[in-house]
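Beneath this line is the structure, given in structure tokens, with notes to follow.
The values are calculated or read from the model by the stated rules, or taken from the named source; none is laboratory data. Keep in mind the model is a prediction, meaning the values are calculated, not measured. Neighbour counts run over all protein chains shown; Cβ positions are idealised from the backbone, glycine included.
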Amino acid sequence: MTSRVSHLSVVYSPEMLADAGESVSPSTRKPGLVAEALRARDWPVHFLPPEPMTLEALYRVHDPAFVDSILSLGRPNGFGNTSETVARSLRHTCGAFHTGAKLALSAGISASLTSGFHHASTARARGFCTFNGLMASAALLLDGGSARRVAILDCDFHYGDGTTAIIDTMRLQDEVLNVSLGANFGRASSSTAYLEAVRQACVEIESFTPDIVFYQAGVDSHIDDPLGGLLTSDELRTRDEIVFGWVRRIGMPLTWNLAGGYQVEADGSIPKVVNLHMNTFEVALRSLGLLVPPPA
Ligand SMILES: [Zn+2]
């Protein structure tokens, strides 16, 4: 899928926003702030609203009783509270990721302004993650025959343990590969080793021969992130250049999302997180030939 594209499709609607109360994670308001920053730039980006994910699709990867109790506020969400707005947003955020996946299969590349998936397992919400939109989307693609294999390249700083747990529970090891760099990297690791691991992950995924890659481009891998961190801003750009350059080179469909990022200012604003996400968009647009390189 190396055909030239004229714009980048980004899945977002205000229904994806929520109020997670006093959580240290800004992720329920982040989609709106990233959309605002994207609109402020003169970039060839088209916004599309998500198709909400069906209950059946959530039941496919989660215990139905767990899904129902989350949605009826009978059990805490991934933020540890029972916010009605979070519950209302979940089918939109999971649906946004899947809408993005379908767009990538047809157009080669897409993004969704989503977070909060990879710690959610079959019947457990934690770590700011309630439902696993990555696995719900993967299961839909596999069930519908749109993909025979799906690879997840998870470059959030943390290990996508919920994703692995669902793969194991559903016995999808031959259909879904979860390469989560958070499984091996802590603060003591070096950024050089991390970037080499990203390159190796691309090789491993390529040999799995997936039909699509889900890329979690978390910016909590930034060195200043209070919950993560080992890459400088330039190294995060290099990470994204490795990934986007690779998929363009081999013609692999890819959809990416925001995932983590926790550099919150004292007033609650998140300009650093938003700027790091903008860097990912810029790298992606350059890889598509949709931005003119700056003068040397
Ligand atoms: Zn994270």
Residue hits (the stretch 247-264; within 16 Å of the ligand (Cβ to nearest atom) and β-branched (Val, Ile, Thr)) are 264
Any hit, the stretch 262-273, residues being touching a strand residue (DSSP E or B) at 6+ places or on another chain (Cβ under 8 Å), closer than 24 Å to residue 151 by Cβ and buried (at least 18 other Cβ atoms within 10 Å of the Cβ): no
Residue 137 passes all but one of (1) hydroxyl-bearing (Ser, Thr, Tyr); (2) away from the ligand (no atom under 16 Å from the Cβ); (3) surrounded by 15 or more Cβ atoms within 10 Å (Cβ to Cβ); (4) over 22 Å from residue 57 (Cα atoms); which number fails? (4)
Are any of the residues in the stretch 230-244 within 16 Å of the ligand (Cβ to nearest atom), under 26 Å from residue 25 (Cβ atoms), assigned to a loop (DSSP other than H, G, I, E, B) and not β-branched (Val, Ile, Thr)? yes
For the stretch 209-229, the count of residues that are buried (at least 20 other Cβ atoms within 10 Å of the Cβ), at pLDDT 95 or above and not hydroxyl-bearing (Ser, Thr, Tyr) equals 11
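Any idea how many residues of the stretch 201-216 are more than 11 Å from the ligand (Cβ to nearest atom), in contact (Cβ under 8 Å) with a residue 60 or more places away in the chain and not charged (D, E, K, R)?
First, the residues of the stretch 201-216 that are more than 11 Å from the ligand (Cβ to nearest atom): 201-215.
Imposing the further condition that a residue be in contact (Cβ under 8 Å) with a residue 60 or more places away in the chain reduces the set to 209-215.
Within this subset, residues satisfying the condition of being not charged (D, E, K, R) are 209-210, 212-215.
Residues that pass the stated criteria total 6.
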Filtered residue count, the stretch 147-168, keeping only those that are touching a Leu at 6+ places or on another chain (Cβ under 6 Å) and part of a loop (DSSP other than H, G, I, E, B): 2
On the given criteria, is residue 108 surrounded by 17 or more Cβ atoms within 10 Å (Cβ to Cβ), over 15 Å from residue 258 (Cα atoms) and of a type outside the set (Lys, Arg)? yes
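Condition check: under 16 Å from the mean Cα position of the chain (by Cα), acidic (Asp, Glu) and within 16 Å of the ligand (Cβ to nearest atom). Does residue 220 satisfy that? Lay out the reasoning, then the answer.
Details: under 16 Å from the mean Cα position of the chain (by Cα): yes; acidic (Asp, Glu): yes; within 16 Å of the ligand (Cβ to nearest atom): yes.
Against the criterion (under 16 Å from the mean Cα position of the chain (by Cα), acidic (Asp, Glu) and within 16 Å of the ligand (Cβ to nearest atom)), residue 220 qualifies.
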